[in-house]
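Here is the structure we will look at, set down as structure tokens.
The values are calculated or read from the model by the stated rules, or taken from the named source; none is laboratory data. This one's a predicted model, so the numbers in the text were calculated from it and none came from an experiment. For neighbour counting, all protein chains shown are included, and Cβ atoms are generated from backbone atoms with ideal geometry for every residue, glycine included. To get the accessible areas, we keep the full protein, side chains included, count just its heavy atoms, and leave off ligands, DNA and RNA. Shrake-Rupley method; radii C 1.70, N 1.55, O 1.52, S 1.80 Å.
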Amino acid sequence: RVLREGDTFVFDVEAGYYSGGPAADMPLARISTMLTGLPLQTAYPRYADYTFVDVWASGGRGGVALKPCTTPVRTDADGKARIALPVAFPSGDSTAVEPPAFGTLQAMVEAKPSEREGTVSNAAKVRYARHARYVGLRSEPRWWDAKTPLQLQAVVIDAEGNEMAGAPVEVQVD
């Protein structure tokens, strides 16, 4: 599943002790999130020879965090917790960075027993799409010169990587 802004990123965590047994009623000290760009050609290899939107622009390379979770989370009697984070990004201040057009959203959780060092979970990962559709262009030949005619082929895919057959594409060459 690919998430969009306004959706909810839901994932489960489980905490236990190295000596055995669940970490019951354990406070989850910190929930960290990060969205980084993922090229559509990498996510969907069948379109590897197309060029899509630059996902490294803006926050794609350095990453963008979701708005922080302000609700305290604790594990249940079995050391488990389900976490639901709204897919929403900080905005309205000078430090806000625009999220990439497509990417990988990941979350990590720190469990911290009282007066002990905490431990961090593996990352829960999901794909994120800022748009419902993406246009890819492929040129023939791949390397242009002044003598060879250039042909462009377009493909429109949805956020899940499915081709949208018959979708119109208009290309303007300046």
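Annotations
- Charge context of residue 87, other residues only, Cβ under 14 angstrom, K/R +1, D/E -1: +4
- Residues in the stretch 1-32 reached by a label modelled at residue 108 [backbone nitrogen below 15 Å; 7 Å Cα→Cβ]: 29-32
- If the chain linking residue 98 and residue 80 were pulled fully straight, counting 0.36 nm for each residue of separation and taking away their Cα-Cα distance, it would gain 3.1 nm.
- Sorting the segments 109-120, 28-39, 46-57 by their mean number of nearby beta carbons within 10 angstrom, highest to lowest, gives 28-39, 46-57, 109-120.
- The Cα atoms of the stretch 134-174 give a gyration tensor whose axes a ≥ b ≥ c have a/c of 1.5 or more with a/b greater than b/c, which makes the shape prolate.
- Here the relative contact order of the stretch 34-163, from alpha carbon pairs under 8 Å that lie six or more residues apart, stands at 24 percent.
- Dipole axis of the chain (+1 Lys, Arg; -1 Asp, Glu on Cβ), positive-most option in 34, 154, 24: 24
- Per residue, the Cα convex hull of the stretch 34-138 amounts to 148 Å³.
- Taking all Cα pairs closer than 8 Å and separated by 6 or more residues, the relative contact order of the stretch 1-84 comes to 46 percent.
- Listed residues 86, 141, 27, most fluctuating in the chain (Gaussian network, C-alpha, under 10 Å): 141
- All other residues whose Cβ lies under 10 angstrom from that of residue 24 are scored, Lys and Arg at +1 and Asp and Glu at -1, for a net of -1.
- Debye intensity ratio in log₁₀ form over the Cα atoms of the stretch 102-174, taken at each q of 0.17, 0.21, 0.25, 0.26 Å⁻¹: -0.82, -0.98, -1.11, -1.15
- Surface per residue (accessible, 1.4 Å probe) for the chain, Å²: 64
- Reachable lysines, given that their alpha-carbon falls under 26 Å from the alpha-carbon of residue 112 and they are not under 8 places away in the same chain: 67, 80, 125
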